[in-house]
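Report on the following structure.
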Amino acid sequence: MKLLSLALVILVGGLFIAATADFPHWGDPASPASRHVSPRYIEKTMEETSVPNIVTAVLADYRGYDTMFETAVVFTAGVACFLLLRRRDPRPEPKRVYRHVATGVIVEMKQEPAKEPSPSVFARIDDDWVPHDLIIMNVCRLLIPFIQLFGLYVIAHGHHSPGGGFQGGVILGASIILLALSWDLRTAMNRMAETATGLMSAVGVFIYAGVGALCLAMGANFLDYSSLGPLMFVDPIHARSLGIFFVELGVGLAVMATMVLIYKNLASEGHLDQGL
Amino acid sequence: MDMTQYIPVLLTKYNYWVYITLMMIGLWAMIAKNNLIKKIIGMSIFQTAIILFYVSIGAKYGATIPILSHGHGGAHEAAVRAVDYINPLPHVLMLTAIVVSVATLGVALALSIRIHRRYRTLEEDEILSQLREQ
């Protein structure tokens, strides 16, 4: 079986390598991919959308319909993870392990307490608890706001520098995942609850489709942002730039929430209480 | 047979060689490996190879990144020439492909968790033998 697969892989690879004989040279400015539609994007983007970053303009304006469904794919993947993994029944015999915050002493409660102790006195920790690491926890706690600020910058400054909704959304999602890794999943869940992630994921796609529908309501084609000019008191060219920004906000929201949703479900096997 | 004629081909098309090698490593892992996680890793390598292929066909000699310099009222605002900027289209396509590949990776891992929950293993032959017993 392995030999058969190896033969198949070598055969397919050989065919691909034989096909490269007809491919353009690396970096050839006259290659077919660079000759037809891309010169038009490069030369017209500035006058049509007033966005210097051509990638952002093509992503959210010229190919906006495609990107809307890419966002929908990301949302669908989040929903699929949720439906596959989420469990409502609690873990069998969850241990109740707490850390006394002032002294660092670990205690286990044999039976369920009548009243949950205050987290500032007794903090609940995972039953397969990892040692409490002051340096990692505090460095990450100091770093996470700056990572999130950078994520917002990447989303908002995507018109002028490399960036946009997808990249910024992933950075924002990674900051929440960093919190879950350096503290624990419980802390991350307190900061960003399950309903919040689900709602934000859906709202992101809704913002994208809503901007498109608003263009329809203004009497233009779906996702033709130039028609939004009268609503925002700007000329049609600048309205395209602003329309791209709103769409990127939706993308960022959906991507961030979906990354967190997928991570939470994978890390805790769907219980969303503890894990990793 | 004169081997020197192949040297320019190797030098001008090495990006395709790299992507084909990576893609075949991924394909091999997806076909031949027994463990489902290794198959998923193979799928990720395969996707990365496609991303490398797309980004490399966007390259142009002597061109810069597809962000217009002096976009708003700079020194030479008038003339934007297509040869000065690399092809933005492969970058757009791959930007979304990266995020979608992360999403598909998440779904694949979720499925393998469900499989492990039911069969207590991720080895393909053990799962198949359990399926035959049922």
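Since every read-out is calculated from the coordinates, none of them should be taken as a lab result. On a predicted model such as this, the values are computed, not experimentally measured, just so you know. Positions of Cβ are backbone-derived with ideal geometry, glycine not excepted, and every protein chain shown enters the neighbour counts.
Amide H contacts for B:Asn35 (H built 1.01 Å from N in the peptide plane; partners 5 or more residues away or on another chain; cut-off under 5 Å): B:Glu124.
The amide H of A:Ile125, built 1.01 Å from its N in the peptide plane, has A:Val97, A:Tyr98, A:Arg99 as neighbours under 5 Å, considering only residues 5 or more places off or on other chains.
Please check which bits of the range A:239-276 a label hung off A:Val203 would reach, taking the label as a point 7 Å along Cα-to-C-beta and the cut-off as backbone N under 20 Å. Zone members listed by number: A:243-264.
For chain B, what does the helix formula give at 222 nm: sum of -39500 (n - 2.57) over DSSP H segments with n ≥ 4, over the residue count, nearest 500 deg cm²/dmol? Each step should come with its number before you reach the end.
Values: 5 runs with 90 residues, N = 134.
Taken over chain B, the calculation gives -22500 deg cm²/dmol.
Dimensions of the range B:5-67 based on its C-alpha atoms, expressed as ranges along the principal axes with the largest first, amount to 45, 38, 8 Å. With a simple spin-label model that places each label point 7 Å from the Cα along the Cα-to-Cβ direction, the separation between A:His157 and A:Leu181 comes to 2.4 nm. Between A:Ile54, A:Ile244, A:Ile155, the GNM of chain A built on Cα springs shorter than 10 angstrom shows A:Ile54 fluctuating the most. Can you classify the protein assembly as shown as rounded, prolate or oblate using the Cα gyration tensor, where a ≥ b ≥ c are the square roots of its eigenvalues, rounded means a/c under 1.5, and otherwise it's prolate if a/b beats b/c and oblate if not? It is oblate, given that a/c is not under 1.5 and a/b is not larger than b/c. Here the label points at A:Ala217 and A:Arg88, each 7 Å from Cα along the C-beta direction, are separated by 3.6 nm in the simple model. Here r is the Cβ-Cβ distance between A:Thr76 and B:Ser129 and R0 is 51 Å; the resulting FRET efficiency, rounded to 0.05, is 0.95. Shown is the FRET efficiency for B:Ile7 and A:Arg141, computed with R0 = 35 Å from the Cβ-Cβ distance and rounded to the nearest 0.05: 0.05.
For the range A:73-201, rounded, prolate or oblate, judged on the Cα gyration tensor with a ≥ b ≥ c (square roots of eigenvalues), a/c < 1.5 rounded, else prolate if a/b > b/c? Judged from the Cα gyration tensor, the range A:73-201 comes out oblate (a/c at least 1.5, b/c at or above a/b).
Quick check for me: using +1 on Lys/Arg Cβ and -1 on Asp/Glu Cβ, what's the dipole size of the protein assembly as shown about its Cα centre, in debye to the nearest 20? Intermediate results must be reported in sequence, preceding the final value.
Details: 31 positive and 32 negative charges, 168 e Å.
For this selection, approximately 800 debye.
A prolate overall shape is assigned to the range A:38-119, the ratio a/c of its alpha-carbon gyration tensor axes (a ≥ b ≥ c) being 1.5 or greater and a/b exceeding b/c. Considering chain B, its Cα convex hull presents a mean projected area of 13.4 nm². On the basis of the beta-carbon distance and an R0 of 30 Å, A:Ala19 and A:Leu276 show a calculated FRET efficiency of 0.10.
Between the listed residues A:Ser31, A:Leu11, A:Leu228, the Cα displaced farthest toward the positive end of the dipole of chain A, a dipole computed from Cβ unit charges relative to the Cα centre, is found at A:Leu11. Listed from fewest to most Cβ neighbours within 10 Å, the set A:Glu194, B:Glu133 follows the order B:Glu133, A:Glu194. Seen from a random direction on average, the alpha-carbon convex hull of the range A:136-276 projects onto 9.2 square nanometres. Put a dot 7 Å past the Cα of B:Val18, heading toward its Cβ, do the same for A:Ala7, and the two dots end up 3.3 nm apart. Taking 0.36 nm per residue of separation and subtracting the current Cα-Cα distance, fully stretching the chain between A:Arg40 and A:Leu149 would add 35.8 nm. Computed over the alpha-carbon pairs of the range A:89-151, the distance histogram in 10 Å steps reads 17, 40, 26, 15, 1 percent, short to long.
Hull volume per residue, based on the alpha-carbon atoms of the range A:144-187 and their convex hull, is 57 Å³. Based on alpha-carbon atoms, the Kirkwood radius and the radius of gyration of the range A:201-240 give Rg/Rh equal to 1.02.
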